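Structure first, commentary second.
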Amino acid sequence: MLKAWRDLRAQGVFIPEYINDILNQPIFDNPFIIHNAKSFYFQNYVNVGLIKVCDLCYNILPGILPYEAILDSFYDEYDVNSKSVKNQFDVILKALPKEWIDKLKINSDFAENSIECQLVIDENSYDLSNLRSGVVYKFFTDNVFKDPTCISHWESNGFNVEWKQVWKSVSMKSSECIDNDFKIVHNIIWNNLKLYNINILDNPCCKLCNDLSDETLLHMIFKCTSIKPLLNMIQDMLEYFSQNTGFTYDQFKYWMIFGYPIRKENNNVFLILVFSIATISIIRRRTLYNKNGIIVNVCTLFKRMFINYIKNLKYYLQMKGFGHKFTLMFLSHPYVKLDGDNVYVNID
Ligand SMILES: [Zn+2]
């Protein structure tokens, strides 16, 4: 095409005036598109199909595409040096005649022929070209996203869940904690009842206690008598932190499933982590039993995991320059102590 253009040019110059002539102009080796007093040629642009002025423009709307859209054209083709693509794009923008850019901005030909895209959201009409992403985001969250099935599951089981709190409760948690909490809240942890229902097990009962109860998620992480010593240990800690307010049996059950809520006080991060790591240790102990037939002491497993977690968190925060946060979160109560660089966690 560029060769044809050169040949044609040799026949005499015509000045592009109308919008379609401008849009059809080659970008490179074009005597109208001049940088430092000469035309130029960028092979990488030609390779990805950015050849004519219209290739730099929107299809329906008037105007030149933003750089990000230009860069997108390169990603499938190249190991992109985005800096040089940007520099080249700046050269092209500077070199395009000003009157062309003005015409491309109004681009009346296109405006007349284009379809007006309008969206009606909450009885307000929006022109697609001026639509803010916030409006679209709200539209999707209000109208398109569906509640996860766990919401109806827990409601039908009598739980009145503060979901906003639940989704927010990720403070200081490791990805393993977040992942495990997510699975619990969505009721997607395998248990014997689920396995029985799909004919993998002959019996839905819990194997870790003698209750002959079906092993549901709630049984596994709260009702099973085999985890009673751990629940007692957590209850002692809760009593220390709730001296003024107290707590009910139902609140305790709720926190084992949905996590301890985030509050303003820094030291509640301690309890958030206690609940999160408690359920991981309960589920890990069950997995160990199912795989190897070994029953591990649930309190010992929890303590080891929790102490390691707190130690690692201290080093992590220190490394990030947030050592003072560790002090605020963990040293205002008797469960964690520092001696020089050593952390002692006292949760017996
Ligand atoms: Zn049990």
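Structure values in brief
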| read-out | value |
| --- | --- |
| P(r) of the stretch 227-323 over all Cα-Cα pairs, binned every 10 Å from zero, in whole percent | 14, 43, 31, 12, 1 |
| Equivalent ellipsoid, the chain (semi-axes from 5 times Cα gyration tensor eigenvalues, Å) | 64, 25, 21 |
| Gain upon complete extension [N268, I34; 0.36 nm per residue less C-alpha separation] | 77.8 nm |
| Loop GluC sites (Glu not before Pro), the stretch 210-317 (other Cβ atoms within 10 Å of the site Cβ: 14 or fewer; DSSP) | E265 |
| Cα principal axis extents for the stretch 149-345, largest first, Å | 55, 37, 30 |
| Dipole of the chain, positive end: most advanced residue of N297, L217, M319 [Cβ charges, Cα centre] | N297 |
| Sequence-distant aspartates and glutamates (8 or more away, or on other chains) whose Cα lies within less than 17 Å of K138 | D122, E123, D127, D147 |
| Two-site label geometry, T141 and I178: point separation in nm, points 7 Å out along Cα→Cβ | 1.8 nm |
| Across K52/K83; K173/K325; K253/K325; K38/K94; K311/K337, pairs whose alpha-carbon gap is larger than 18 Å | K52/K83; K253/K325 |
| Rounded FRET efficiency, nearest 0.05, which uses the C-beta distance separating V161 from L93 and R0 of 56 Å | 0.60 |
| Gaussian network model of the chain, springs between alpha carbon atoms under 10 Å - residue of F306, F32, F145 with greatest fluctuation | F32 |
| CD proxy at 222 nm, helix term only [per DSSP H run n ≥ 4: -39500 (n - 2.57); per residue of the chain; nearest 500] | -15000 deg cm²/dmol |
| Computed over the stretch 149-345: relative contact order in percent, which uses C-alpha pairs under 8 Å that are six or more apart | 18 percent |
| Check: the chain dipole with +1 on Lys, Arg Cβ and -1 on Asp, Glu Cβ, in debye | 1500 debye |
| Convex hull projection area averaged over all views, the stretch 132-220, Cα basis, nm² | 8.6 nm² |
| Contact order normalised by residue count of the chain, Cα under 8 Å, 6+ apart, percent | 10 percent |
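Coordinate-derived values only; no laboratory data. Computed from a predicted structure; not experimentally measured. Heads up, the Cβs are rebuilt from the backbone with ideal geometry, glycines too, and the neighbour counts pull from every protein chain shown.
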